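The structure appears right after this line, and notes come after that.
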Amino acid sequence: MNNEKLVKAFCDALEIEENIVKDDLKYQSIEQWDSISHMILIAELEDVFDVEIDTDDVIDMSSVLKAKEILNKNGIEF
Amino acid sequence: MELNFNLLSGKTALITGASSGIGKETALTFARNGANLILISRNEEKLKKLLKNLEGFNINVDYYAVDITNSELLKNLFSQLKKSKVIIDIVINNAGIMEDAVLQMVKTESIKRTFDTNVFALIDVSKRASRLMIRNKKGSIINLSSIIGTNGSKGQSIYSASKAAVIGFTKSLSKELGPLNIRVNSIAPGFIMTGMTEGITDCVIQENLKSISMGRLGSTKDVANVILFLASDLSEYVTGQVIGVDGGMVI
């Protein structure tokens, strides 16, 4: 369930297809995941999972896998 | 001149330093134009007085007596706003302090106080508020600078440096947030009669009047009306600008 929500959040924020959202997808590895869309992604993840992501974690969110780890730290299980 | 065109109907504006001077006038101007208000100031007593003045307008008003230089308190405030699902359309970064002294007489604590309020807190508010605005891909952030920041003034090097920093921040942030349809502009008021200028002698005022081509000091209304323009959709293609509200003052 949470994994589906995460994938959808990435798709909505970065305007990409579902099949691209894999654990090893990295920040700035695709054109759509740039610094501007990263801000949209953070806002989207905060809304979808009702969490607040600290600045350190915003900087640290370098991949889909890392996003899961950070959300996990905020009590979201995958 | 009071402008009541309902220019901000349905929008929500967050104003720092809202309890007096330009902040208070902006709150009243926005209320007349239909904006819901989130008012922030350290002075709860003055905020409550302002609340009385805002009665009768058909708007929502929330207030927070918070020192915005306290990052933890600010974090909690924005957490609360996020939890309440508040949509912030407009941010007025107005809170500021001015401590005059020639550089050799400036104490380190004064430099720190000035930058904590005029720069660091303004950046902190912008950072937290823009995170909320990004969700809606629209918004307007207005940062209060000063003619002292654009032109400099003797005995005000620290204040001038802090207000110049506001301009650099405004121009850079406008480039970051432009793609998200969030506009960031700055206003550089000239000699405006506010609580900050209360102690200034008549002699100094007369001297300053010589440098103002329109021959009068500015009022808080003069500034609030330009803030209203930048907050409203009338300025929807304006970003990264510094607008002087100084009656043609040359310093």
Checklist entry - Most fluctuating residue of B:LYS171, B:LYS11, B:LYS85 in a GNM of chain B with Cα springs under 10 Å: which is it? => result B:LYS85
Item to check | Residues whose placed amide H lies under 5 Å from that of B:TYR63, excluding near-sequence neighbours | outcome: B:LEU39
Item to check | Size of region A:10-78 as Cα extents on the principal axes (Å, biggest first) | outcome: 29, 23, 18
Next on the checklist: Output needed for region B:12-244: three equivalent-ellipsoid semi-axes, defined as square roots of 5 times the C-alpha gyration tensor eigenvalues, in descending order, whole Å.
Outcome noted: 27, 20, 19
Checklist outcome for this item: Ranking B:LEU73, B:ILE141, B:SER20 by how far each Cα lies towards the positive end of the charge dipole of the protein assembly as shown (+1 on Lys and Arg Cβ, -1 on Asp and Glu Cβ), the top one is B:SER20
Next on the checklist: Quick check: the angle from helix B:157-177's long axis to the longest principal axis of chain B, C-alpha only, nearest 10 degrees?
Outcome noted: 30
Item to check | 5 angstrom amide H check on A:SER63, placed H, neighbours 5+ away | outcome: A:TYR27
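For a footprinting-style exposure proxy, rank B:ASP89, A:ASP23 by other Cβ within 10 Å, fewest first.
A:ASP23, B:ASP89
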Checklist entry - Which order do B:SER130, B:SER172, B:SER140, B:SER84 fall in if you start with the one that has the fewest other Cβ atoms within 10 Å? => result B:SER84, B:SER172, B:SER130, B:SER140
Checklist entry - Residue by residue through region B:129-136, which ³J(HN,Hα) values in whole Hz follow from phi under the Karplus form 6.51 cos²θ - 1.76 cosθ + 1.60 (θ = phi - 60°), with glycine and proline marked x? => result 5, 5, 4, 6, 6, 4, 4, 9
Item to check | Karplus-derived HN-Hα couplings along region B:23-40 (A = 6.51, B = -1.76, C = 1.60, θ = phi - 60°), whole Hz, x at Gly and Pro | outcome: x, 5, 4, 5, 4, 5, 4, 5, 4, 5, 9, x, 7, 6, 10, 10, 9, 10
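Can you sort B:ILE148, A:ILE36 so the residue with the fewest Cβ neighbours within 10 Å comes first?
Values: B:ILE148 23, A:ILE36 14.
Ascending number of Cβ neighbours within 10 Å: A:ILE36, B:ILE148.
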Next on the checklist: List the aspartates and glutamates whose Cα sits under 18 Å from the Cα of B:LYS83, skipping any in the same chain fewer than 8 residues away.
Outcome noted: A:GLU44, A:GLU46, A:ASP47, A:ASP50, A:GLU52, A:ASP54, B:ASP62, B:GLU72
Item to check | In Hz, Karplus ³J(HN,Hα) per residue of region A:10-22 (6.51, -1.76, 1.60; θ = phi - 60°; x = Gly, Pro) | outcome: 4, 4, 5, 6, 9, 6, 10, 7, 4, 5, 7, 7, 10
Checklist entry - Using the alpha-carbon atoms, what tilt in degrees (0 to 90, nearest 10) does helix B:44-53 show relative to the longest principal axis of chain B? => result 70
Next on the checklist: Taking amide H atoms as placed 1.01 Å from N in the peptide plane, list the residues 5 or more away in sequence, or in a different chain, whose amide H sits under 5 Å from that of B:VAL242.
Outcome noted: B:SER186
Next on the checklist: Given N residues in the protein assembly as shown, what is its alpha carbon radius of gyration divided by 2.2 N^0.38 Å?
Outcome noted: 1.08
Checklist outcome for this item: One quarter of the C-alpha convex hull surface, i.e. the mean projected area of region B:11-129 in nm², amounts to 7.6
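Values quoted throughout were computed directly from the atomic coordinates according to the rules given, and no laboratory measurement underlies them. On a predicted model such as this, the values are computed, not experimentally measured, just so you know. In this analysis, Cβ positions are derived from the backbone assuming ideal geometry, glycine residues included, and neighbour counts consider all displayed protein chains.
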